[in-house]
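The values are calculated or read from the model by the stated rules, or taken from the named source; none is laboratory data. Predicted, not measured: the structure shown is a model, and the values here were computed from it. So basically every Cβ, Gly included, is an ideal-geometry build from the backbone, and we count neighbours across all protein chains shown.
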Protein chains: 4
Amino acid sequence: MPTNAATADALRWKKFPVLDDGFVTLVDVMGDDQSVVQAARVSYGEGTRKVSDDRTLIRYLMRHRHTTPFEMAEIKLLVRVPMDCWRQWIRHRTANVNEYSTRYSLAIDATQTTPPDGWRTQAASNRQGSGAPLDQEIGARLSREEGEFQAAARKLYEARIAAAVAREQARKDLPLSTYTEAYWKIDLHNLLHFLALRMDAHAQQEIRDYASTIGEKIVQPLFPLVWEAFVDYSLEGLCLTRLERELIARLTQRLASAGRARATEDDFLAVQDPTWADLTRCRERDECRDKLIGLGLIERTA
Amino acid sequence: MPTNAATADALRWKKFPVLDDGFVTLVDVMGDDQSVVQAARVSYGEGTRKVSDDRTLIRYLMRHRHTTPFEMAEIKLLVRVPMDCWRQWIRHRTANVNEYSTRYSLAIDATQTTPPDGWRTQAASNRQGSGAPLDQEIGARLSREEGEFQAAARKLYEARIAAAVAREQARKDLPLSTYTEAYWKIDLHNLLHFLALRMDAHAQQEIRDYASTIGEKIVQPLFPLVWEAFVDYSLEGLCLTRLERELIARLTQRLASAGRARATEDDFLAVQDPTWADLTRCRERDECRDKLIGLGLIERTA
Amino acid sequence: MPTNAATADALRWKKFPVLDDGFVTLVDVMGDDQSVVQAARVSYGEGTRKVSDDRTLIRYLMRHRHTTPFEMAEIKLLVRVPMDCWRQWIRHRTANVNEYSTRYSLAIDATQTTPPDGWRTQAASNRQGSGAPLDQEIGARLSREEGEFQAAARKLYEARIAAAVAREQARKDLPLSTYTEAYWKIDLHNLLHFLALRMDAHAQQEIRDYASTIGEKIVQPLFPLVWEAFVDYSLEGLCLTRLERELIARLTQRLASAGRARATEDDFLAVQDPTWADLTRCRERDECRDKLIGLGLIERTA
Amino acid sequence: MPTNAATADALRWKKFPVLDDGFVTLVDVMGDDQSVVQAARVSYGEGTRKVSDDRTLIRYLMRHRHTTPFEMAEIKLLVRVPMDCWRQWIRHRTANVNEYSTRYSLAIDATQTTPPDGWRTQAASNRQGSGAPLDQEIGARLSREEGEFQAAARKLYEARIAAAVAREQARKDLPLSTYTEAYWKIDLHNLLHFLALRMDAHAQQEIRDYASTIGEKIVQPLFPLVWEAFVDYSLEGLCLTRLERELIARLTQRLASAGRARATEDDFLAVQDPTWADLTRCRERDECRDKLIGLGLIERTA
């Protein structure tokens, strides 16, 4: 009996709402924290049994990117998601998928709608993302136009069906906001990889909502030890590049020589990577500075 | 120098049009017919060199589903395709993909349009497919409404962009007919698997057009021996089930006993699988009958 | 509660012996026949519910190579297998694997041994396979030498370990007959593909033993409807090439014209593919003849 | 014409020796640094053309783990490698493989041998790895015994072949040191992933030799910009866990309060993660300390 059997029973078919009309729900799960341990022990042998308890072993595996034991658990979800979001989702290739077919059946009569305060501006600094919320007055207009357009789209679709157009052709102008549904089955390692990418601040808000729901409502209760290790060693970790490593070493050396504890912007610029020095704007330098501030190595300036 | 170097040079970046505004074009190719032979020889050893010329070896490999040597060639395409069609395309997981991003860039200002004589009715016998063409008069109306709707969709999109909505959000109601572009790179074995499924009569007409173009305009000239073997042993082959094999054996026995050469519908029904006998309608029996008629084992009735 | 829950409980951790010291055992299973149906219904929609019962739907999916619903079930095995056999097994890439590590632990002290009547000669007709059993007297000598060699191999390994050689290096001369163990997790579709290839008469006897055991002892009881469809439509099916299809059509035409029911070798040669006609030996012609004899279309000659 | 065409021509079929009788050689390559850029531009659109030159874009993609553009280049190698090493190699699933078949052909008559000064002791601190070299006098004996054993193994194999045993069975006791050969084809992203794991200090020396040779002799000259980015952002990067990030923040705070520039072991222990505090031995604490010493944040103690 898996240790998460009761949790799985409680979760199964429970719909966790996402967006205005989407959801994720657990259909089935194979394995628990213990399954990861079990698989690791066949690789790493009897020796590990003596020195490690399960939590320590799971954390060791996660920290050192020993990924195969995490492939030994499997999760199957049913998700309801706008096609626009699904277009990003499906790019993760290591999963099994059965999607609702609009060749066989009429398209689902639901589209993702946006409330007046839900519109976002283009990010200034980030070519791919969103920035501040849009003014609500403009938002109200956009939401009204969205509703009218989606109603027109559905009307067009239904008129085609009524005119005996084949479903596979009638669907061609459905808006990307149309909801679809799919069974999605994936091993735990690849699911965590999906979550790491899609819970990230650079991911689009809509898919982040799905990823966070899957992570926090389903993976965390089913695999508490794995989830804890994932958060500590992957999700909330920080990678330093070779340039950043060497910069920090120069910085600590400089501070030690000067007998000072905390670096200033001038210190940072003095030890920056030589290839950055001539650049007025340098995205990599900005990223590095942010990391050092986060680590407390540079004073946060006002 | 690969044997297809001149062909590859002639094909590269040549756009083969598909649908009203789509295309496929060869970006790059690794390998030729000879690469398949080369890889097979490392597996099957020196012995094969003596008994087989290249064509015979390639045909042997294809006939016996020795698929790995065909993975040793690789093709990279640039394709322009409606998102609706791309949704089916992307379900083939064993490929490398870089798609045009409507988060980074404005959506391509082109949608797939349907001419008045291009509308298809729902198939009567096939829940997923299309049947006869729709009456042109109705088609003319449908095409007009399609054009108006697509213009409205673009106007909505551009109004959102003008209102400073983030591109990743503005795109949410683009119609599935909107064109996208992608680099798509795949090994030859998996490409042939894609083509076998998507050139099939059950595939939707739009993706069949892409598949046929890729097969006939690009794969055939680059890999003439492989293509020939693929057509002979996969694309135009016919699979018989255990039930059909046994039925044919009973049928030939029956005819031999009766001293007759060609079977009638009554013969067919007399030797049908016992599990079909009680069914008034039986799709599997119909499929079997069609195969036997194709093989000339049953008389084609009027 | 899956319909195979009791069967799974009865099977779990039951060791099915294979070879002299190997085994396969079920560790876990996700899904049952019903899971395939469930996934298909999301794709093929409500309509299918009305016209098909589950068995019919599963058979339809298998017959028409609608493979994705079969990916919705997952099986995890623990296997004990000689490394030589494992080298073939691991070539199937779509699986999750955790193998016993001889870097972390001492190599398993067991090797596959061959009884005096277990030695096989090289096949005459088949460059890759085995033929008739070897004479038992020779076999007795071979088995004795095998035993002496394996004992020497173990002694060498243990002497290295005793001399403080690193395990990862000490193992370098272990014979391929050494047993290894692995957790092996795979979805049902890919498992059936593995079984189709490895239960085939062209597969090596050792891996066929494993494949048959997995198929008949584990898959069949857990997924009875899927297994039945797999046997009927894949394992015991027969594929005809374009050349063979056309040959049969010519043959039935010829017989009909002649008013005869059963073809002779002369008939076969008269309608053979034109490209075969000039060849004294032609493997493809031989393969075709065997198929036609099996179908009763040509008389079996003495 | 790819920018690396001349380099590819110079490298193709050049054998780079590895171990005593192994090699890696380039068979073919698709793409160059520019192919990565080309693929990225379709995703990231026109905008990127203006702000980034190619090197900057490649570095940005690598730094931010935008991996798909690196999948757009492909490399095909022919490698000769001991089966023991190949067993680890083949665990990387995202590659195309054609291996020399000892069912079709006689096994290659070459085994990996170890010189007297090439034997390694078991690592004390690392359950999976090697430690100091073994005494040469013992090494001389081990090498002599290795040679005798390998000769006996070959004699046994050849005696079986002479006795007409099928090749597929005769091979069963070949030592893992026996060389095999394979074509191995992989996209650049997955190759870099392979190299990151197999050039790592935790990988076994033998496969590290192969990985380093592939990286430095083949990938670096063919893809100089990608290689540089890979070294800077992946190979020589350093990942900090959540626990380590927070520890560093506490440490810099403590030093700032104390007006000191460099931390001592006592400082480190004072700010260590609370969950480590009660443990006498804690591998994670040791790993953290090593990282902080490398960054110059803790004084290196004698």
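Residue-by-condition table, conditions (1) part of a helix (DSSP H, G or I); (2) at pLDDT 95 or above:
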residue: C:GLN253; (1), (2): yes, no
residue: C:ALA256; (1), (2): yes, no
residue: C:ARG260; (1), (2): no, no
residue: C:ASP267; (1), (2): yes, yes
residue: C:THR275; (1), (2): yes, no
residue: C:THR280; (1), (2): no, no
residue: C:ARG285; (1), (2): yes, yes
residue: C:ARG289; (1), (2): yes, yes
residue: C:GLY296; (1), (2): no, no
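So which pairs qualify, if the first residue must be in region C:251-264 and within 7 Å of chain B (Cβ to nearest Cβ) and under 16 Å from C:GLY296 (Cα atoms), the second must be crowded, with 16+ Cβ neighbours inside 10 Å and among the polar types (S, T, N, Q), the Cβ gap must be under 9 Å, and the two must be at least 6 apart or on different chains?
C:ALA261/B:THR252; C:ARG262/B:THR252
Mind listing just one residue for me: the one in region A:120-136 that is in a loop (DSSP other than H, G, I, E, B) and more than 21 Å from the chain's Cα centre (by Cα) and, of those, surrounded by the most Cβ atoms within 10 Å (Cβ to Cβ)?
A:LEU134
Return yes when D:HIS189 is under 16 Å from the mean Cα position of the chain (by Cα), within 25 Å of A:PHE230 (Cβ to Cβ) and at pLDDT below 95 and no when it is not.
Numbers: under 16 Å from the mean Cα position of the chain (by Cα): yes; within 25 Å of A:PHE230 (Cβ to Cβ): yes; at pLDDT below 95: no.
Here the answer is no, as D:HIS189 does not meet what is asked.
Residues of region D:1-22 being surrounded by 12 or more Cβ atoms within 10 Å (Cβ to Cβ) and either in a loop (DSSP other than H, G, I, E, B) or touching a Gly at 6+ places or on another chain (Cβ under 8 Å) (or both), which ones?
Within region D:1-22, D:PRO2, D:THR3, D:ASN4, D:ARG12, D:LYS14, D:LYS15, D:LEU19, D:ASP20, D:ASP21 qualify.
Yes or no: A:TYR233 at the interface with chain D (Cβ under 9 Å from one of its Cβ atoms), aromatic (Phe, Trp, Tyr), part of a helix (DSSP H, G or I) and crowded, with 16+ Cβ neighbours inside 10 Å?
Numbers: at the interface with chain D (Cβ under 9 Å from one of its Cβ atoms): yes; aromatic (Phe, Trp, Tyr): yes; part of a helix (DSSP H, G or I): yes; crowded, with 16+ Cβ neighbours inside 10 Å: yes.
The answer is yes for A:TYR233.
Filter region D:287-300 down to the residues that are at negative phi and either in contact (Cβ under 8 Å) with a residue 12 or more places away in the chain or within 12 Å of chain A (Cβ to nearest Cβ) (or both) and list them by number.
D:GLU287, D:CYS288, D:ARG289, D:LYS291, D:LEU292, D:ILE293, D:GLY294, D:LEU295, D:LEU297, D:ILE298, D:GLU299, D:ARG300
Which of (1) farther than 30 Å from C:HIS202 by Cα; (2) within 13 Å of chain D (Cβ to nearest Cβ); (3) out of contact with any Ser or Thr (no Cβ under 8 Å at 6 or more places or on another chain) does B:TRP89 not meet, given it meets every other one?
Among (1) farther than 30 Å from C:HIS202 by Cα; (2) within 13 Å of chain D (Cβ to nearest Cβ); (3) out of contact with any Ser or Thr (no Cβ under 8 Å at 6 or more places or on another chain), B:TRP89 violates only (2).
Could you check how many residues of region C:212-225 are of a type outside the set (Ser, Thr, Tyr) and in contact with a Phe, Trp or Tyr (Cβ under 7 Å, 6 or more places away or on another chain)?
Here the count works out to 3.
If you scan region C:200-226, which residues turn out to be crowded, with 20+ Cβ neighbours inside 10 Å, more than 15 Å from C:TRP86 (Cα to Cα) and without any contact (Cβ under 8 Å) to a residue 60 or more places away in the chain?
The answer is C:GLY215, and nothing else.
Of the residues B:ASP117, B:ASP109, only one is among the acidic types (Asp, Glu) and closer than 30 Å to B:LYS185 by Cβ; which?
Values: B:ASP117 fails: closer than 30 Å to B:LYS185 by Cβ.
The unique qualifying residue is B:ASP109.
Does A:SER35 qualify as being modelled with pLDDT of 95 or more and not in a strand (DSSP E or B)?
Here the answer is yes, as A:SER35 does meet what is asked.
Tell me the residue from B:THR113, B:THR94 that is among the β-branched types (Val, Ile, Thr) and within 14 Å of chain D (Cβ to nearest Cβ), please.
Criteria check complete, one pass: B:THR94.
Checking the condition out of contact with any Pro (no Cβ under 7 Å at 6 or more places or on another chain) and more than 12 Å from every other protein chain (Cβ to nearest Cβ), which residue from D:ARG208, D:ARG167, D:ARG198 passes?
D:ARG198
Test of understanding: among C:SER130, C:SER143, which residue is free of Cβ contacts under 8 Å to residues at least 40 places away in the same chain and among the hydroxyl-bearing types (Ser, Thr, Tyr)?
Matching residue, one of C:SER130, C:SER143: C:SER143.
Just to be sure before I move on: is A:THR3 without any contact (Cβ under 8 Å) to a residue 60 or more places away in the chain, within 20 Å of C:ARG12 (Cβ to Cβ), more than 10 Å from every other protein chain (Cβ to nearest Cβ) and touching a helix residue (DSSP H, G or I) at 6+ places or on another chain (Cβ under 9 Å) in the structure I sent?
Here the answer is yes, as A:THR3 does meet what is asked.
Regarding B:ASP117, is this residue touching a residue at least 12 places away in the same chain (Cβ under 8 Å), surrounded by fewer than 16 Cβ atoms within 10 Å (Cβ to Cβ) and touching a Gly at 6+ places or on another chain (Cβ under 7 Å)? Break it down stepwise before answering.
On the way: touching a residue at least 12 places away in the same chain (Cβ under 8 Å): yes; surrounded by fewer than 16 Cβ atoms within 10 Å (Cβ to Cβ): yes; touching a Gly at 6+ places or on another chain (Cβ under 7 Å): yes.
Answer is yes for this residue.
Here is a yes/no grid of residues against (1) within 11 Å of another protein chain (Cβ to nearest Cβ); (2) at pLDDT 95 or above:
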site: A:LYS15; (1), (2): no, yes
site: A:GLY22; (1), (2): no, yes
site: A:MET30; (1), (2): yes, yes
site: A:GLU46; (1), (2): yes, no
site: A:THR67; (1), (2): yes, yes
site: A:MET72; (1), (2): yes, yes
site: A:ILE75; (1), (2): yes, yes
site: A:VAL81; (1), (2): no, yes
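With the structure loaded, tell me whether D:ASP109 is part of a loop (DSSP other than H, G, I, E, B), of a type outside the set (Phe, Trp, Tyr) and over 19 Å from the mean Cα position of the chain (by Cα) or whether it fails that test.
When the stated conditions are applied, D:ASP109 passes them.
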